[in-house]
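Throughout, read-outs are computed from the coordinates displayed, never taken from laboratory work. Bear in mind the structure is a predicted one, so any value in this text is a computation, not a measurement. Cβ coordinates were reconstructed from backbone atoms using ideal geometry, including for glycine residues, and neighbour counts include every protein chain displayed.
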Protein chains: 2
Amino acid sequence: MKKVSLKDIATAAGVSTALVSYVLTNKEKEARIGEEMAKKIREIARQLNYQPNHIARSLKSGKSFTIGLIMADISNAFFASIARVIEDEAKRNNYTVIFGSSDENVDKSQDLINVLLNRQVDGLIITPTEGSEKQIAWLQEQKVPFVLIDRYFPTFPTNHIAVNNFESAYEAVAHLVHAGRKRIGMIAYETTLHHISERKRGYLEAMKDHRMEGAEKRLKTARYAHLKTDIRAAIDQLCTGPERADAIFFATNSLAIEGLKYINELRIRIPDILAVIAFDEGEAFDLFYSPVTYIQQPIEQMGKEAVRVLLEQIKDQKKIIENIYIDTTLVIRQSCGTKH
Amino acid sequence: MKKVSLKDIATAAGVSTALVSYVLTNKEKEARIGEEMAKKIREIARQLNYQPNHIARSLKSGKSFTIGLIMADISNAFFASIARVIEDEAKRNNYTVIFGSSDENVDKSQDLINVLLNRQVDGLIITPTEGSEKQIAWLQEQKVPFVLIDRYFPTFPTNHIAVNNFESAYEAVAHLVHAGRKRIGMIAYETTLHHISERKRGYLEAMKDHRMEGAEKRLKTARYAHLKTDIRAAIDQLCTGPERADAIFFATNSLAIEGLKYINELRIRIPDILAVIAFDEGEAFDLFYSPVTYIQQPIEQMGKEAVRVLLEQIKDQKKIIENIYIDTTLVIRQSCGTKH
DNA sequence: AAAGTATGCTTAAACGTTTAAGTTTGCAAG
DNA sequence: CTTGCAAACTTAAACGTTTAAGCATACTTT
């Protein structure tokens with residue numbers, strides 16, 4: 001069953017395709033189409049169930065009405081939720097979303113950028129990986145509209161949507177201090193990515209401001225590719241000896257999940273022996289026997305803003321760069337031993 | 001910065017675009033291109049950093065090398081994981097994925113189908129919603145290649161990837177019986193979707209075969225749109241009175257998560273007072289104080305098969321319908337009180 | 001020397017749209 | 001009775017590819 005095209009309608013109506021095009025794109029006024037004819041064409045289009053060919057349109061207009069979405073890993077709850085919001089929001093604006101997962105890997109990221117640009121996406125929403133500065137800079141040179149989300153590079157200005165990582169981390173650590181914890185540790189990723197650095201900085205500053213000793217030595221990192229083993233090692237180090245930590249701040253939900261699994265195995269009681277705070281949400285945190293206090297990122301807002309900024313960028317290339325910072329909320333549960 | 005096209009290369013090389021096209025699509029042999037010239041063209045293409053325009057190609061070939069993915073909700077861990085696998089697998093085959101969430105809503109589903117088909121996707125992978133039979137039947141009439149995943153309609157044959165829902169549910173309930181549970185309940189969705197019906201049937205059959213009383217009255221359902229309240233009501237009914245259930249089988253991960261939250265609130269101890277089994281995975285299940293026994297669906301395999309079947313279908317329209325059934329694994333943890 | 005054929009390239013149409021620039025007809029104004 | 005102009009269409013080019021068909025030129029055959 002062949003698709004019906006403008007030509008089919010034109011033939012059926014005994015007119016040129018141009019006329020049909022004008023009518024079906026509601027340009028009757030500008031093109032001074034007769035009322036009779038317009039009605040007739042519309043009727044035929046309806047009968048034949050005409051569906052415009054988006055590809056032909058894109059070729060002509062140079063716009064695909066498609067957004068490319070590059071996330072670190074769509075199967076991760078945080079990114080999946082963002083993807084969800086972005087798709088909804090894009091759809092509301094008649095855009096469609098193509099996605100891919102970079103796995104925090106520079107080469108995959110480059111590959112995805114290439115694939116998506118070849119597909120003529122009108123713009124990109126990206127959670128950039130470590131070491132992808134050059135790729136991002138190149139996008140900027142090429143004047144490809146894009147927005148970074150979750151992370152960004154402080155060294156050069158780009159559109160980005162981020163959360164106030166420093167303050168959020170600071171606040172989380174302060175909360176632990178006020179809950180009476182003395183030996184607070186942190187587990188983060190081993191990365192130079194700015195959002196993680198900021199979280200680390202928030203931890204260190206808060207520790208300093210509250211005159212807590214040994215922050216540096218209690219700041220552990222894990223490699224993305226060796227999450228499980230590295231986290232276990234970190235926790236082993238943190239939770240043994242006379243100076244064992246009485247609180248851990250996890251820089252990320254995946255770190256927290258892995259960490260809590262091991263803490264469970266070790267039968268370290270929370271919050272009695274150890275207090276815990278995590279960045280990001282996770283349904284697992286709700287179900288944990290001691291519901292986990294966490295820093296809640298406003299996912300809905302982040303996704304919507306990302307789409308908004310990107311679409312504005314697409315509409316008007318020379319538009320000024322927008323940096324959106326959104327505040328998080330510290331959701332206090334029982335994992336720090338405080339009831340509010 | 002304008003994109004370079006075949007014409008640019010042709011001009012630079014002083015030849016026709018046809019020649020360039022032949023070279024860059026490696027048809028030199030068939031088109032008898034001179035070695036010298038081929039080398040020269042390739043070099044120029046490299047220098048200008050030529051990237052083929054996918055849209056133009058699609059228009060010409062009538063193929064977009066794009067798959068449409070319609071999931072119930074991409075922010076749900078199960079679907080997100082499937083989406084992840086599908087995207088990876090599609091990419092390996094030089095396909096790209098556009099996605100959308102139907103929210104278990106027929107109208108949204110129809111809307112997504114329209115949007116994706118207008119985008120000229122070459123085929124669809126769908127988790128069909130309740131009541132979408134007509135849409136699916138229409139796709140079949142229109143000879144649009146598609147594969148259903150997770151669910152399907154037994155009333156008419158379609159390509160689909162499914163799990164042996166009946167047997168899995170049966171096995172889960174049998175496991176509960178062998179663990180000594182007497183009053184086993186089930187909480188499912190209120191839906192006519194076949195995969196859920198099969199899970200219910202598995203429960204009922206297993207109960208009958210093991211001579212367990214009161215299965216019907218202990219089979220509760222919750223509406224997707226009123227998950228929280230309905231689940232609470234169901235659990236209230238199941239877990240009170242002298243005949244209170246000593247086990248609950250959740251038909252889905254979202255049901256289980258919501259259910260466990262409430263069970264936690266009620267301070268019903270697992271597995272002492274209540275045993276629990278869930279369909280699907282969830283990191284929350286690992287972290288639960290009594291790690292949850294669950295039916296593990298082979299997500300990777302499901303996603304890969306879906307892509308395989310779809311691509312075969314795209315290649316050869318008259319290909320016979322494929323129904324893939326994949327076995328699940330019952331992952332036994334502590335939530336049923338048994339250690340293996 | 002004529003015919004055939006291999007080689008290397010060009011032409012042109014096509015995919016389904018959009019849209020600027022015609023063309024034709026009728027009618028009012030000069 | 002021109003001329004002007006509005007109304008209602010049509011033509012044709014363009015977007016960037018692909019690909020069948022065509023056209024020289026040179027090299028073999030007989």
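Averaged over all directions, how much area does the convex hull of the C-alpha atoms of region A:286-326 cover when projected, in nm²?
3.6 nm²
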In region A:46-67, which residues have a backbone nitrogen under 17 Å from the label point lying 7 Å from A:T17's Cα in the Cα-to-Cβ direction?
A:50-62
Taking chain A as a Gaussian network, Cα atoms linked when under 10 Å apart, which of A:M207, A:M37, A:M71 shows the biggest mean-square fluctuation?
A:M37
Provide an ascending nm list, one decimal, of label-point separations from A:I326 to the equivalent residue in each further copy; define each label point as 7 Å from Cα along Cα→Cβ.
3.3
Contact order normalised by residue count of chain A, Cα under 8 Å, 6+ apart, percent
16 percent
Enumerate the lysines that A:K108 could reach by cross-link, defined here as Cα to Cα under 21 Å, with residues fewer than 8 away along the same chain left out.
A:K134, B:K91, B:K304
Grab the beta carbon distance between A:R46 and B:K60, set R0 = 30 Å, and tell me the FRET efficiency rounded to 0.05.
0.55
Formal net charge of residues neighbouring A:N114 (Cβ-Cβ distance under 13 Å; K, R +1; D, E -1)
+1
Would you be so kind as to identify which of B:T158, B:S81, A:T240 lies farthest towards the positive end of the dipole of the protein assembly as shown, taking Lys and Arg as +1 and Asp and Glu as -1 on Cβ and the Cα centre as origin?
B:T158
A:R92/A:E30 FRET efficiency (R0 41 Å; Cβ-Cβ; nearest 0.05):
0.90
So, with +1 on the Cβ of K and R and -1 on the Cβ of D and E, and no other charges, what is the size of the charge dipole of region A:122-270 about its Cα centre, to the nearest 20 debye?
580 debye
Using only the C-alpha atoms of region B:62-114, find the volume of their convex hull and express it per residue in Å³.
59 Å³
What is the projected area of the convex hull of the Cα atoms of chain A, averaged over all directions, in nm²?
21.9 nm²
Enter the per residue convex hull volume of the protein assembly as shown, computed from alpha-carbon coordinates, in Å³ rounded to the nearest integer.
193 Å³
Within the set of other residues whose C-beta is less than 13 Å from the C-beta of A:L330, count the net charge using Lys and Arg as +1 and Asp and Glu as -1.
-4
Could you work out the local net charge near B:L219, counting Lys and Arg as +1, Asp and Glu as -1, over the other residues with Cβ closer than 14 Å to its Cβ?
+2
Quote the Stokes-Einstein diffusion coefficient, in whole µm² s⁻¹, for region B:165-297, based on the Kirkwood radius over alpha carbon pairs, a temperature of 4 °C and a viscosity of 1.567 mPa s.
90 µm²/s
Measuring from the lowest to the highest alpha carbon on each principal axis, how far does region B:92-198 reach, largest first, in angstroms?
55, 32, 24
Spatially proximal aspartates and glutamates relative to B:K319 (Cα-Cα < 16 Å; intrachain offsets below 8 disregarded)
B:D122, B:E141, B:E305
Report the convex hull volume per residue for region B:6-52, counting only C-alpha atoms, in Å³.
60 Å³
By a straight-distance test (C-alpha under 19 Å), which aspartates and glutamates pair with A:K208 as possible cross-link partners, with residues fewer than eight away in the same chain excluded?
A:E167, A:E171, A:E198, A:E216, A:E243, A:D246
Per region A:1-126, sqrt(5λ) over the Cα gyration tensor eigenvalues, sorted largest first, in Å, gives 40, 14, 12
Listed residues A:A38, B:N264, B:Y294: farthest to the positive end of the dipole of the protein assembly as shown (Cβ charges)
A:A38
Using a Gaussian network model on chain B with a 10 Å cutoff between Cα atoms, which of B:L311, B:L266, B:L193 fluctuates the most?
B:L266
Measuring from a point 7 Å out along Cα→Cβ, what nm distances, shortest first, does B:Q140 have to its partners in the other copies?
5.4
So which residue, out of A:L176, A:L227, A:L19, gets the largest mean-square fluctuation from a GNM of chain A using Cα contacts under 10 Å as springs?
A:L19
Expressed in nm to one decimal, what extension gain is obtained for the pair A:K182 and A:K39 from 0.36 nm per residue of sequence separation less their Cα-Cα distance?
43.7 nm
